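Scroll down for the structure; my scribbles are underneath it.
The values are calculated or read from the model by the stated rules, or taken from the named source; none is laboratory data. If you're wondering where the values come from, they're calculated on a predicted model, not measured in any experiment. Cβ: placed from backbone, ideal geometry, glycine included. Neighbour counts: every protein chain shown. These accessible areas exclude ligands, DNA and RNA; they are computed on the full protein's heavy atoms, side chains included. Shrake-Rupley method; radii C 1.70, N 1.55, O 1.52, S 1.80 Å.
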Amino acid sequence: MKNYIKLSIMALSLAGLSSCDMDAPSISSLDESSVFATYSLAEAEIMSIHVSFGETNSYRGRFLPYYGINSDVEWIITPTYSDRLTDKYALANYATQPGNGQMNTDNNAYAKFYEGIERANLAIKGLREFGDVENRPEMAQLLGEALTLRAVIYNDLIKAWGDVPARFEPNNAENLYKPRTNRDSIYKVLLADLKEAEDYCYWPNENAITRNTERVSKSFVKGLRARLALYAGGYGLRGDGYRRSKDPELAPDKMYQIAKEECLDIINSGRNTLGSFEENFTKLCTDDITAGGESLWEIPFSEGRGRVLYTWGVRHQIEDQYTYQPRGGVNGPLPTLFYDYDVDDSRRNITCVPYRWGAKDDGEATAVNHNGQNYNVYQVPQVMSNPTAMYFGKLRYEWMDRFVTSTNDDGINWQYMRLADVYLMAAEAINEIDGPSAAWPYMKPILDRALPAAKVSALQAKYTANKTAFFNGIVDQRAFEFAGEVLRKPDLVRWGIIDEKMAEAKQKLTRLANREGEYADLPEKVYVKLYAKDDIIPSDAELFDTPKEGETLIIYGLNHGDTDDQGKNMKDDGFESKGWFLSNGEPRITDDIINGLYVQQPSMNCLWPIWTYFIGVSNGLLNNDGIYGQLSD
């Protein structure tokens with residue numbers, strides 16, 4: 001059973017102060033000494049920080065759907081240059097303007113992040129003063145959680161907005177208005193905070209508090225500290241250009257050392273273990289929050305909150321036998337990603353899905369009663385989509401085991417970090433410090449579960465040739481491993497290669513549209529049939545789901561080397577041809593779509609501007625100088 005978020009008594013009783021960058025609670029009229037000396041009340045204050053994650057326009061409906069799209073492996077389905085001014089697409093196309101209609105409100109993610117920070121600040125102050133954390137380990141755990149959740153929010157503030165106002169004390173009349181703060185100073189505070197939190201937090205399953213992945217454990221604290229170190233030591237867009245930090249305390253070698261030590265501590269502790277790639281996501285979709293597996297920490301959404309499947313799941317066109325909610329498929333993989341996977345890579349067919357679930361005309365309605373309410377549910381099959389509308393399959397309504405009760409929300413948690421990330425961060429850091437041979441053992445477990453042994457050995461020879469080859473392997477494998485998990489864009493930014501990789505993505509899309517270069521051996525069409533009981537599935541056909549009679553598609557024509565001649569020969573076995581790369585004789589992947597992936601130089605436009613509303617109420621202290629470009633006609 002999930003830990004559904006409780007609104008805190010104290011947070012709900014606080015009066016609001018209006019500041020330049022948040023609607024912040026004031027100092028409470030409650031007795032802080034009573035609240036933060038009592039475990040149950042102090043715990044409720046920690047839960048109130050989670051509330052800010054689930055607010056309508058916070059992580060739930062604005063940050064998670066839009067930050068990190070577009071990258072060289074992910075996009076909003078489907079961006080176009082002609083729609084570059086549309087608010088939704090403009091959040092992703094590296095030309096975001098301060099007046100964006102999706103964001104320029106007083107209650108969007110920027111405001112809610114600072115609301116969460118204020119709640120964390122109040123909890124940190126109260127626990128330090130009244131929690132007796134030196135003698136009460138359970139109160140120390142709460143302090144560690146507050147420090148860590150504050151670091152989570154600052155991490156995402158910096159990723160999205162760059163240098164932001166630093167608030168590490170509760171709001172008062174003297175500190176309402178603040179200018180942007182150099183992110184270097186924020187990073188140093190967060191790295192120190194997380195080092196302190198490590199001493200307070202329990203390992204997964206070491207205590208009843210850390211038996212589920214919705215609570216902060218020592219594994220997550222250390223993993224987050226490693227991630228922040230890599231960001232702090234990497235490239236970023238600043239007021240004077242796109243560069244690394246000049247602060248010697250944040251030098252790359254020092255940050256890699258932190259990442260190495262923290263990741264090795266997690267791995268060597270044995271407190272978390274890798275399962276199969278698919279298992280990680282099926283557990284997520286079935287609300288399995290048992291600690292100790294691959295998931296290190298998840299943003300907890302209650303059943304009626306969170307647009308995770310809505311945004312990142314396979315598209316369902318109608319209330320069908322799996323969803324009761326016609327949603328999914330807002331974001332998806334670039335079609336080039338599917339074809340860039342090795343055909344034997346088990347991650348491919350889980351990550352990239354070429355079908356949607358059908359509409360009313362594809363099935364018949366059945367009456368379903370849930371909690372006294374009647375629903376018309378349509379029994380529909382999978383239907384082929386097209387290359388410009390492939391979907392992420394890591395998160396699927398059809399893997400859920402409960403009813404979807406909301407129109408737009410599905411209640412699936414957002415997995416913020418998993419153990420595979422720790423292994424690949426360790427491999428990256430160790431390569432930089434000790435070289436590729438020392439780093440290989442930390443990449444190998446990720447590849448072992450994805451590829452046959454012979455292909456893993458071939459990649460070992462390729463990647464361990466030298467430090468550069470191994471880094472390039474990290475770049476590739478993090479794409480294959482984490483596509484659809486909003487890690488790619490910040491990775492490209494911190495590595496300093498976002499311009500190169502985004503330009504390459506456009507070039508590859510052009511080659512795929514014309515089936516040229518590495519894509520020249522693909523057939524024009526695909527050949528499909530619905531699975532029927534006792535069907536013999538051809539060895540070169542693809543299944544993206546457990547075979548279900550009358551629902552599941554058998555697909556031929558998606559692999560390099562497949563041919564239209566072979567597909568036509570499958571007609572006698574019930575296969576039908578479907579247009580794939582062409583529509584009415586023209587490429588489906590048009591120049592308009594390709595040019596919509598980004599419209600300004602990515603490195604110089606990789607941040608969102610602070611929205612006009614917040615600049616207007618900043619008492620003249622906030623601006624967007626140097627961090628975004630004007631959109632050209």
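So which of Ala465, Ala454, Ala458, Ala438 ends up being part of a loop (DSSP other than H, G, I, E, B) and open to solvent by 20 Å² or more (accessible area, probe 1.4 Å)? Before the answer, list the steps.
Details: Ala454 fails: part of a loop (DSSP other than H, G, I, E, B); Ala458 fails: part of a loop (DSSP other than H, G, I, E, B); Ala438 fails: part of a loop (DSSP other than H, G, I, E, B).
Every option except Ala465 fails the conditions.
Quick one: which of Leu274, Leu230, Leu250 is among the aliphatic types (A, V, I, L, M), more than 26 Å from Ala146 (Cα to Cα), at pLDDT 95 or above and touching a helix residue (DSSP H, G or I) at 6+ places or on another chain (Cβ under 6 Å)?
On the way: Leu230 fails: more than 26 Å from Ala146 (Cα to Cα); Leu250 fails: more than 26 Å from Ala146 (Cα to Cα).
Just a single option satisfies the conditions, and that option is Leu274.
Select, from Glu294, Glu303, the only residue that is closer than 20 Å to Asp409 by Cα and either under 25 Å from the mean Cα position of the chain (by Cα) or in contact (Cβ under 8 Å) with a residue 40 or more places away in the chain (or both).
Working: Glu294 fails: closer than 20 Å to Asp409 by Cα.
Being closer than 20 Å to Asp409 by Cα and either under 25 Å from the mean Cα position of the chain (by Cα) or in contact (Cβ under 8 Å) with a residue 40 or more places away in the chain (or both) holds for just one of Glu294, Glu303, which is Glu303.
So that you can scan it fast, the table gives a plain yes or no per residue for (1) over 21 Å from Asp344 (Cα atoms); (2) charged (D, E, K, R):
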{"position": "Glu432", "(1), (2)": "yes, yes"}
{"position": "Gly435", "(1), (2)": "yes, no"}
{"position": "Leu447", "(1), (2)": "no, no"}
{"position": "Leu451", "(1), (2)": "no, no"}
{"position": "Ala469", "(1), (2)": "yes, no"}
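Could you tell me which of the residues Glu115, Glu169, Glu174 is open to solvent by 30 Å² or more (accessible area, probe 1.4 Å) and either free of Cβ contacts under 8 Å to residues at least 24 places away in the same chain or part of a helix (DSSP H, G or I) (or both)?
One residue alone meets the criteria, Glu174.
Take the residues in the range 143-166 that are part of a helix (DSSP H, G or I) and charged (D, E, K, R), then tell me which one is most open to solvent (accessible area, probe 1.4 Å).
Residues of the range 143-166 that are part of a helix (DSSP H, G or I), as a first pass: 143-161.
Add one more test, that the residue is charged (D, E, K, R), and what stays is 145, 150, 156, 159.
Working: Glu145: 0, Arg150: 11, Asp156: 1, Lys159: 29 Å².
Applying the filter and picking the extreme gives Lys159.
Please verify whether Gly68 is on the phi > 0 side of the Ramachandran plot and either out of contact with any helix residue (DSSP H, G or I) (no Cβ under 6 Å at 6 or more places or on another chain) or of a type outside the set (Phe, Trp, Tyr) (or both), treating the condition exactly as stated.
yes
List the residue pairs whose Cβ atoms are under 6 Å apart, where the first residue sits in the range 499-518 and is under 17 Å from Ser603 (Cβ atoms), the second is acidic (Asp, Glu) and modelled with pLDDT of 95 or more, and the two are 6 or more positions apart or on different chains.
Lys501/Asp72; Met502/Asp72; Ala505/Asp72
I'm checking my understanding of the structure. Among residues of the range 602-622 that are of a type in the set (A, V, I, L, M, F, W, C) and within 20 Å of the chain's Cα centre (by Cα), which one is nearest to Phe113 (Cα to Cα)? Talk me through it step by step, then tell me what you get.
Here is the first cut: in the range 602-622, the residues of a type in the set (A, V, I, L, M, F, W, C) are 604, 606-608, 610-611, 614-615, 617, 621-622.
Right, trim to within 20 Å of the chain's Cα centre (by Cα) and you get 606-608.
Details: Cys606: 19, Leu607: 16, Trp608: 14 Å.
Across the range 602-622, the extreme among qualifying residues is Trp608.
If we keep just the residues of the range 349-389 that are part of a loop (DSSP other than H, G, I, E, B) and in contact (Cβ under 8 Å) with a residue 60 or more places away in the chain, which is nearest to Pro587 (Cα to Cα)?
This residue is Asn386.
Out of the range 317-339, which residues are open to solvent by less than 10 Å² (accessible area, probe 1.4 Å) and under 20 Å from the mean Cα position of the chain (by Cα)?
Listed by number, the residues that qualify are Gly328, Asn331, Gly332, Pro333, Leu334, Pro335, Thr336, Leu337, Phe338.
Condition (residue is touching a strand residue (DSSP E or B) at 6+ places or on another chain (Cβ under 8 Å) and among the charged types (D, E, K, R)) applied to the range 582-597: is it met by at least one residue?
Among the residues of the range 582-597, at least one is touching a strand residue (DSSP E or B) at 6+ places or on another chain (Cβ under 8 Å) and among the charged types (D, E, K, R), which makes the answer yes.
Quick check on my filter: what residues within the range 88-99 are closer than 15 Å to Phe63 by Cβ and surrounded by fewer than 21 Cβ atoms within 10 Å (Cβ to Cβ)?
Answer for the range 88-99, where residues must be closer than 15 Å to Phe63 by Cβ and surrounded by fewer than 21 Cβ atoms within 10 Å (Cβ to Cβ): just Lys88.
Say whether the condition of being farther than 28 Å from Asp409 by Cα, crowded, with 19+ Cβ neighbours inside 10 Å, in contact with an Asp or Glu (Cβ under 6 Å, 6 or more places away or on another chain) and in contact (Cβ under 8 Å) with a residue 60 or more places away in the chain is met by at least one residue in the range 254-271.
Scanning the range 254-271 turns up at least one residue that is farther than 28 Å from Asp409 by Cα, crowded, with 19+ Cβ neighbours inside 10 Å, in contact with an Asp or Glu (Cβ under 6 Å, 6 or more places away or on another chain) and in contact (Cβ under 8 Å) with a residue 60 or more places away in the chain.
Could you list, in sequence order, the residues of the range 190-205 that are of a type in the set (A, V, I, L, M) and surrounded by fewer than 17 Cβ atoms within 10 Å (Cβ to Cβ)?
The answer is Ala192, and nothing else.
In the range 52-99, what residues are aliphatic (A, V, I, L, M), part of a loop (DSSP other than H, G, I, E, B) and touching a residue at least 40 places away in the same chain (Cβ under 8 Å)? Before you say what the answer is, go through the steps one by one.
Taking the range 52-99 and keeping what is aliphatic (A, V, I, L, M), we get 64, 69, 73, 76-77, 85, 90-92, 95.
This time we only want the ones that are part of a loop (DSSP other than H, G, I, E, B), so: 69, 73, 77, 85, 91-92, 95.
If the condition is that a residue be aliphatic (A, V, I, L, M), part of a loop (DSSP other than H, G, I, E, B) and touching a residue at least 40 places away in the same chain (Cβ under 8 Å), then Ile69, Val73, Ile77, Leu85, Leu91, Ala95 are the ones that fit.
Looking only at residues that are part of a loop (DSSP other than H, G, I, E, B) and modelled with pLDDT under 95 in the range 305-316, which one is most open to solvent (accessible area, probe 1.4 Å)?
Going through the qualifying residues, I end up with Arg305.
Name the helices (runs of 4 or more DSSP H) wholly within the range 201-304 that hold at least 2 residues that are among the hydroxyl-bearing types (Ser, Thr, Tyr)?
218-232, 252-269
Is it the case that the range 376-399 has a residue that's open to solvent by 60 Å² or more (accessible area, probe 1.4 Å), in contact with a Gly (Cβ under 8 Å, 6 or more places away or on another chain) and farther than 18 Å from Glu542 by Cα?
yes
Exactly one condition in (1) within 23 Å of the chain's Cα centre (by Cα); (2) surrounded by fewer than 20 Cβ atoms within 10 Å (Cβ to Cβ) is not met by Leu64; state its number.
(2)
Given the criteria over 18 Å from Tyr519 (Cα atoms), modelled with pLDDT under 95 and not hydrophobic (A, V, I, L, M, F, W, C), does Pro547 qualify?
So Pro547 fits the description; yes.
Report, by residue number, each residue of the range 504-518 that is in a helix (DSSP H, G or I), in contact with a Leu (Cβ under 9 Å, 6 or more places away or on another chain) and open to solvent by 60 Å² or more (accessible area, probe 1.4 Å).
Glu518
Of the conditions (1) surrounded by fewer than 20 Cβ atoms within 10 Å (Cβ to Cβ); (2) in a helix (DSSP H, G or I); (3) free of Cβ contacts under 8 Å to residues at least 60 places away in the same chain, Asp491 clears all except one; give me its number.
Every condition holds for Asp491 apart from (1).
Exactly one of (1) over 21 Å from the mean Cα position of the chain (by Cα); (2) open to solvent by 30 Å² or more (accessible area, probe 1.4 Å); (3) more than 17 Å from Phe403 (Cβ to Cβ) is unmet by Leu274. Its number?
It is condition (1) that Leu274 fails.
Which of (1) of a type in the set (S, T, N, Q); (2) farther than 25 Å from Met255 by Cβ; (3) assigned to a helix (DSSP H, G or I); (4) touching a residue at least 12 places away in the same chain (Cβ under 8 Å) does Asn431 not meet, given it meets every other one?
Unmet for Asn431, out of (1) of a type in the set (S, T, N, Q); (2) farther than 25 Å from Met255 by Cβ; (3) assigned to a helix (DSSP H, G or I); (4) touching a residue at least 12 places away in the same chain (Cβ under 8 Å): (2).
Mind checking whether some residue in the range 125-142 is assigned to a loop (DSSP other than H, G, I, E, B), in contact with a Pro (Cβ under 8 Å, 6 or more places away or on another chain) and farther than 26 Å from Asp288 by Cβ? First the steps, then the outcome.
So the first thing to find is which residues in the range 125-142 are assigned to a loop (DSSP other than H, G, I, E, B), and the list is 131-136.
If we keep only those that are in contact with a Pro (Cβ under 8 Å, 6 or more places away or on another chain) as well, we get none.
The answer is no; no qualifying residue exists.
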